[in-house]
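These notes are about the structure you will find just below.
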Amino acid sequence: MDSMTIQDLGAIGEFIGSGLILVTLVYLAIQTRQSKETAELETARMVVADFNDLWTRLADNRQLATMIRVGINDWERLDNIEKSQVHAFFIAMTLHWVSARRQSSKLLQLQDFMEGWEDNLLSLIATPGGRSWFEFAKHILRPDDLRYLEARLENPDSMPPSWLETFPWNRLDPEERNEGST
C-alpha cells in the first residue's frame, strides 16, 4: 500500500471542504426561504389586524357609527367637526386599502382578503355621501390608485352594492331624513 503524500491529503481536504460548503449553501437557501415565508405571513397578519382594528374602532364608538351612517346618506348633513371625524375613519380605511393593495401584489395570502377590502371601500364610495366625500378626498391617492378606483367606479358591472344596499340599517329612517343635523 502506498503512503499518502501531503498533496493527496490536501486534495481530500479540498474535496471534503467543497462538500461542506455545498451543504452550508443549501442550508442557507432553505433558511432564507423560510425567513421570507415567515415575513410574508407576518405582513399578511398585520394587514388583516389593521383592518380588524379599524372596524373595532367603529363598533366601539356609537357616535362615530352614527356620524358615518348619516354621512354616507348625506355628507352635507354633517357639520365640519363631524366631517373631520368621519373623514379620518374613511381616509384610514382608504390608506389601509392602498397599503394592502401594494402588499397583495407580492403576497398571494392577501389577494382574496384584498378583493373583499376593495369591494368594501367601493361599497362605501358608492353611497351618495361616500361619493361626495371621495370627491373631496381623492387627491390624497397616488395617480395609479386613483385611476384604478375611478375605473371600477365607472364600470357598474365591476361595482359591489353600496353600503346602503348591503346593510339596510345604514339607511336613514323617514324621520331622520327630515332632521337638520346629527
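The values are calculated or read from the model by the stated rules, or taken from the named source; none is laboratory data. Since the model is a prediction, treat every value here as computed from it, not as a measurement. Note that we place each Cβ from the backbone using ideal geometry, even for glycine, and neighbour counts take in every protein chain shown.
Could you tell me whether GLU118 is in a helix (DSSP H, G or I), in contact with a helix residue (DSSP H, G or I) (Cβ under 7 Å, 6 or more places away or on another chain), among the acidic types (Asp, Glu) and within 24 Å of MET159 (Cα to Cα)? Against the criterion (in a helix (DSSP H, G or I), in contact with a helix residue (DSSP H, G or I) (Cβ under 7 Å, 6 or more places away or on another chain), among the acidic types (Asp, Glu) and within 24 Å of MET159 (Cα to Cα)), GLU118 qualifies. Among the criteria (1) of a type in the set (A, V, I, L, M); (2) in a helix (DSSP H, G or I); (3) out of contact with any Asp or Glu (no Cβ under 7 Å at 6 or more places or on another chain), the one VAL98 does not fulfil is (3).
In summary, helices (runs of 4 or more DSSP H) completely within the stretch 121-182 and bearing 3 or more residues that are within 19 Å of the chain's Cα centre (by Cα) and more than 21 Å from GLN63 (Cα to Cα) occur at 143-154. A single entry from THR56, THR66, THR94 fulfils the requirement of being in contact (Cβ under 8 Å) with a residue 24 or more places away in the chain, under 30 Å from GLU135 (Cβ atoms) and surrounded by fewer than 17 Cβ atoms within 10 Å (Cβ to Cβ): THR66.
Mind checking which residues of the stretch 138-181 are touching a Ser or Thr at 6+ places or on another chain (Cβ under 7 Å) and surrounded by fewer than 15 Cβ atoms within 10 Å (Cβ to Cβ)? Within the stretch 138-181, PRO161, THR166 qualify.
Of the residues in the stretch 67-82, not one is β-branched (Val, Ile, Thr), over 30 Å from PRO174 (Cα atoms) and part of a helix (DSSP H, G or I). Looking at (1) touching a residue at least 24 places away in the same chain (Cβ under 8 Å); (2) within 30 Å of ALA100 (Cα to Cα), which one does SER35 not meet, given that it meets all the others? Of everything listed in (1) touching a residue at least 24 places away in the same chain (Cβ under 8 Å); (2) within 30 Å of ALA100 (Cα to Cα), SER35 misses just condition (1). With respect to (1) modelled with pLDDT of 90 or more; (2) touching a Lys or Arg at 6+ places or on another chain (Cβ under 9 Å); (3) hydroxyl-bearing (Ser, Thr, Tyr), the lone exception for THR127 is condition (2). Close contacts from the stretch 1-24, counting a first residue that is surrounded by 10 or more Cβ atoms within 10 Å (Cβ to Cβ) and at pLDDT 85 or above and a second that is outside any loop (DSSP other than H, G, I, E, B) and aliphatic (A, V, I, L, M), with Cβ to Cβ under 9 Å and a gap of 6+ residues or different chains, come to none at all.
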